[in-house]
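Read through the structure below, which is laid out as structure tokens, and then see the notes.
Every number here is computed from the coordinates shown, using simple stated rules; none is lab data. Keep in mind that what you see is a predicted model, and the values were worked out from it rather than measured. Cβ coordinates were reconstructed from backbone atoms using ideal geometry, including for glycine residues, and neighbour counts include every protein chain displayed.
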Amino acid sequence: MSTITSARSAARPRRAVTLVVCLAALTAQAVAACGPGDGASLDEILARVERDRPRYLFIGERHAVGPVKRFAVDLVNGLVDLGMDVGLYVEGFSTECPPRALDCSRLAPLFNADAFLTLVDRSRAIVHPIDPPERSGRATRMAESIAWGSEEIRVVLVGNTHVLHAGNPDAMLPIFGGGMLYPDPGDLAEAFPRQEVLTFRLETTSDEIESYALLADGCDADYAIRTRPTPLY
């Protein structure tokens, strides 16, 4: 191996480490500048939806985390109780299969079948699968499934990356521990008019939380949902 090749090979790990450190620093600065604000409540959010009538409520999640599914169902059922026409649209279920099809090799049964199926059992709104079988253009295909919906209000449960920083073209979203950037954060939520959208991001914590806590968020979403990283619903 030549000296030049050896030097280039040695430089790659240093550049990777530098990138991770820089991303971590930028993320810490962003959180410090515009992190979670005051506490919020489900009743406050329901009142806001009843008053402002946003059509699309995007909830960012991680498939292996259970309590965020509980929040989605609590939100949907609260809207139903207010007499609103609402549907629940879920990335974890494939458009090729009904939600309860455990033999369908998609995200729900693979990652957290119990929480996803509890969501189906307890939602009093219809649960619509939006996870496309095709791996290319996923956000566009999911947006189409949501846009085709007939309900006045559509609550959408999808991965955090599809919700965070919606409409901010300069946003950076480190993933995999800061090892790489998600190329287009908010790519699903931003497909809809911002004035018709409310966004919720998931934040996991080691704090003792019975199920979930809600916070107003001044940075990458309208609200933050804070839960423990448990698979339990």
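Things worth noting here:
- Subtracting the Cα-Cα distance of Ala47 and Ser206 from their residue separation scaled by 0.36 nm leaves 54.3 nm.
- Summed residue charge, Cβ within 11 Å of Asp220's Cβ, Lys/Arg positive, Asp/Glu negative: -2
- Simple label model, 7 Å out from Cα along Cβ direction - Ala216 to Glu152, nm: 2.6 nm
- Computed FRET value (nearest 0.05) for Met180 with Leu110, which takes r as the C-beta separation and R₀ as 22 Å: 0.45
- Using C-alpha pairs below 8 Å separated by at least 6 residues, the relative contact order for region 35-227 is 32 percent.
- The chymotrypsin sites (Phe, Trp or Tyr not before Pro) of region 84-160 meeting both criteria, a DSSP state outside H, G, I, E and B (loop) and at most 11 other C-beta atoms within 10 angstrom of the site's C-beta, are Trp148.
- Taking 0.36 nm per residue of sequence separation and removing the Cα-Cα distance, the Arg122/Asn77 pair yields an extension gain of 15.3 nm.
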